[in-house]
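The values are calculated or read from the model by the stated rules, or taken from the named source; none is laboratory data. These numbers come from a predicted model, not from an experiment. Neighbour counts run over all protein chains shown; Cβ positions are idealised from the backbone, glycine included. Accessible surface is based on the protein model in full, side chains and every heavy atom, while ligands, DNA and RNA are left aside. Shrake-Rupley method; radii C 1.70, N 1.55, O 1.52, S 1.80 Å.
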Amino acid sequence: MTGRLLTQRALADLADVPATSRWVRSGALRLHVLDYGGDAPPLLVLPGITTPAVGMDFVARELTGLVRPLVLDTRGRGLSDDGPGDLDAHADDVEAVADGLGLGRPALLGHSMGARIAAVAAARPGGAVRGTVLVDPPMSGPGRGPYPTPLATFLDQLAQARRGTTAEEVARAWPRWPAREQALRARWLAGCAEAAVTAAHAGFEREDFFATWPSVPAPSVLLYGADSPVVTADGAAEAAGANPAATVTAVPGAGHMVFWDTPPTALAATRTALAKVLTDR
């Protein structure tokens, strides 16, 4: 069995999320967005390879007020439709959400895969993006070596989730995470399509972040985990040199799962980055 599965218990988590579900069409796909509301500038949040929108609820809550967070279930995850897609297709989804919800020129916050999507969306000619915060974007690619986590690991995690993983089992893989986030991952990981995860992982090694990054316009901030195997010190230095207009900042004590590894430090760094993005014009 490789299909997606969301139990009633998982869906009930949405009752505790202070956001409204909104729906947008991107071509033939229906995309789900959690909208936290408010009058602040809109921020479209783009999660990583196996993170549905609800998995970034704790991030969105801490940013409310500074921005109006809207978290996208990227295609093939959460409540959004399945659909094949490379980074350009995901960037089309970003444009569809901005247009469909009347966001004007939103800022973008992406983690991992979501950071790559944000970079492509922002770098498009005439891209209607206010600014970007990219968090630990995969820097693997042609001639750069493989992504540090093999595809088999992701597929094993998906299989465990479909069998019915528990928060305790997630904690063995991610012991530093807050207990609530371990439980959410246990309930929602099975809502990620295997085909979507496989395609994204292939993209990590086929699509070069540095082909896009120099064209990402200011204001832009790249945050990375100081202990991340995905953005190494050498990778961060290369990123700083390739896009001198951007700010590149390490988050102390964090690995690749920056927000989950060190929530207070990562969220403080994100608020600082967003303040810069919103005021640097």
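Just to be sure I understand, how many residues within the range 230-249 are of a type in the set (Asp, Glu) and under 13 Å from Ala115 (Cβ atoms)?
Just the residues of the range 230-249 that are of a type in the set (Asp, Glu), to begin with: 234, 238.
Right, trim to under 13 Å from Ala115 (Cβ atoms) and you get none.
Qualifying residue count for the region: 0.
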Legend entry - Pick from the range 229-247, criterion assigned to a helix (DSSP H, G or I) and touching a residue at least 24 places away in the same chain (Cβ under 8 Å), ranking: most open to solvent (accessible area, probe 1.4 Å): Glu238
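Every residue, every condition in (1) outside any strand (DSSP E or B); (2) under 30 Å from Ala40 (Cβ atoms), yes or no:
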site	(1), (2)
Gly114	yes, yes
Ala121	yes, yes
Gly126	yes, yes
Val133	no, yes
Arg144	yes, no
Thr149	yes, no
Phe154	yes, no
Legend entry - Total residues in the range 84-99, condition surrounded by fewer than 16 Cβ atoms within 10 Å (Cβ to Cβ) and not acidic (Asp, Glu): 1
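Just to be sure, is Leu278 within 17 Å of Ile117 (Cβ to Cβ) and open to solvent by less than 40 Å² (accessible area, probe 1.4 Å)? Steps first, answer last, please.
Working: within 17 Å of Ile117 (Cβ to Cβ): no; open to solvent by less than 40 Å² (accessible area, probe 1.4 Å): yes.
Against the criterion (within 17 Å of Ile117 (Cβ to Cβ) and open to solvent by less than 40 Å² (accessible area, probe 1.4 Å)), Leu278 does not qualify.
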Legend entry - the range 212-226, subset among the aliphatic types (A, V, I, L, M) and either touching a residue at least 60 places away in the same chain (Cβ under 8 Å) or touching a helix residue (DSSP H, G or I) at 6+ places or on another chain (Cβ under 7 Å) (or both), residue farthest from Gly143 (Cα to Cα): Ala218
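One line per residue, one yes/no per condition, for (1) touching a residue at least 24 places away in the same chain (Cβ under 8 Å); (2) within 20 Å of His90 (Cα to Cα); (3) open to solvent by 50 Å² or more (accessible area, probe 1.4 Å):
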{"position": "Ala152", "(1), (2), (3)": "no, no, yes"}
{"position": "Glu168", "(1), (2), (3)": "no, no, yes"}
{"position": "Pro178", "(1), (2), (3)": "yes, no, no"}
{"position": "Gln182", "(1), (2), (3)": "no, no, no"}
{"position": "Val197", "(1), (2), (3)": "yes, yes, no"}
{"position": "Glu207", "(1), (2), (3)": "yes, yes, no"}
Legend entry - Residue match in the range 248-263 (condition: surrounded by fewer than 21 Cβ atoms within 10 Å (Cβ to Cβ), of a type in the set (A, V, I, L, M, F, W, C), outside any helix (DSSP H, G or I) and over 15 Å from the mean Cα position of the chain (by Cα)): yes
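Can you name the residue in the range 28-48 that is assigned to a loop (DSSP other than H, G, I, E, B) and open to solvent by 70 Å² or more (accessible area, probe 1.4 Å) and, of all such residues, is farthest from Asp92 (Cα to Cα)?
Taking the range 28-48 and keeping what is assigned to a loop (DSSP other than H, G, I, E, B), we get 28, 36-41, 47-48.
Then keep just the ones that are open to solvent by 70 Å² or more (accessible area, probe 1.4 Å); that gives 28, 39.
Numbers: Ala28: 12, Asp39: 25 Å.
Only one residue fits best here, namely Asp39.
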Legend entry - Failed criterion for Ala10 (all others in (1) surrounded by 15 or more Cβ atoms within 10 Å (Cβ to Cβ); (2) in a strand (DSSP E or B) hold): (2)
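Residues checked against (1) among the aromatic types (Phe, Trp, Tyr); (2) out of contact with any helix residue (DSSP H, G or I) (no Cβ under 7 Å at 6 or more places or on another chain); (3) at pLDDT 95 or above; (4) farther than 15 Å from Glu62 by Cβ:
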{"site": "Gly241", "(1), (2), (3), (4)": "no, yes, yes, yes"}
{"site": "Val248", "(1), (2), (3), (4)": "no, no, yes, yes"}
{"site": "Ala254", "(1), (2), (3), (4)": "no, no, yes, yes"}
{"site": "Trp260", "(1), (2), (3), (4)": "yes, no, yes, no"}
{"site": "Leu267", "(1), (2), (3), (4)": "no, no, yes, no"}
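Results for (1) acidic (Asp, Glu); (2) at pLDDT 95 or above; (3) open to solvent by less than 20 Å² (accessible area, probe 1.4 Å); (4) part of a loop (DSSP other than H, G, I, E, B), shown as yes or no for each residue.
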| residue | (1), (2), (3), (4) |
| --- | --- |
| Ala171 | no, no, no, no |
| Leu189 | no, yes, yes, no |
| Ala202 | no, yes, no, no |
| Phe210 | no, yes, no, no |
